[in-house]
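The values are calculated or read from the model by the stated rules, or taken from the named source; none is laboratory data. None of these values were measured; they are calculated from a predicted model. When we count neighbours, we look across all protein chains shown, and the Cβ atoms used for this are built from the backbone with ideal geometry, even at glycine. Only protein heavy atoms, including side chains, enter the accessible area calculation; ligands, DNA and RNA are left aside. Shrake-Rupley method; radii C 1.70, N 1.55, O 1.52, S 1.80 Å.
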Amino acid sequence: MRQHIPDYFLLTGQAPVVVDVKPLHRLSKPEVAFTFDWTREALESRGWKYEVWSEPPAVELENIRFLAGYRRDWLFSGEALEELWDADLDGLLLGQAAKCLPNHPEPHVRAAIHHLLWTQALVTDLDRPLGPSTRVEEGRVNRAAARVGVGTRFRYDGETVEVVEMAATTAGNERPCRTSPAKLA
């Protein structure tokens, strides 16, 4: 009789996905390989999917850790961020992009660009070390967002609601934590 408790069970629109997480250096151990092979066979025989996740490659992980230092938007000049949103940075090298706002100090512009990389407003290949010759492209995020605060009204699930309380998040921003049906005047 064998037992194994995987790390994650994901419900998707298709077949369930079961995930085990293990550091790369442990995947080659015979007992780990045997357990994961056994788990894969058991799950796939039922039509489920099975995946093993490990840490990303060292360079990618280092880039992510570096960019995480630029995640808090309030640390950057709102004016510089606005100007970067309006600038055409698609296809530029990081070194060129950092010089695209001559009215702002280059280190501030570079930091704001790193923030845009973190938010995926700009994207790049994280499999190579970031540097002045790294090419950036427009990302998947656009500016189609609205600031929400206490008193903001919006439609949700066919009902007009009003934000009555906001809560701080660990990322340093706020999110609505309580809403009520909006009183229409």
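Some observations on this one:
- Inverse of mean 1/r across different Cα pairs in the range 3-60, Kirkwood, Å: 12.2
- Counting protein heavy atoms only, the range 56-107 has 53 percent of its accessible area on carbon and sulfur, 1.4 angstrom probe.
- Hz values of 3J(HN,Hα) by residue in the range 99-106 - Karplus curve (6.51, -1.76, 1.60), Gly and Pro given as x: 9, 7, 10, x, 7, 10, x, 3
- Per residue, the solvent-accessible area of the range 1-65 (1.4 Å probe, heavy atoms of protein chains only, all protein chains present) comes to 74 Å².
- Viscosity 0.890 mPa s, temperature 25 °C, Stokes-Einstein D of the range 42-91 from Kirkwood C-alpha radius, µm²/s: 162
- Label-point gap, in nm, between residue 38 and residue 106 - each point 7 angstrom along Cα→Cβ: 6.0
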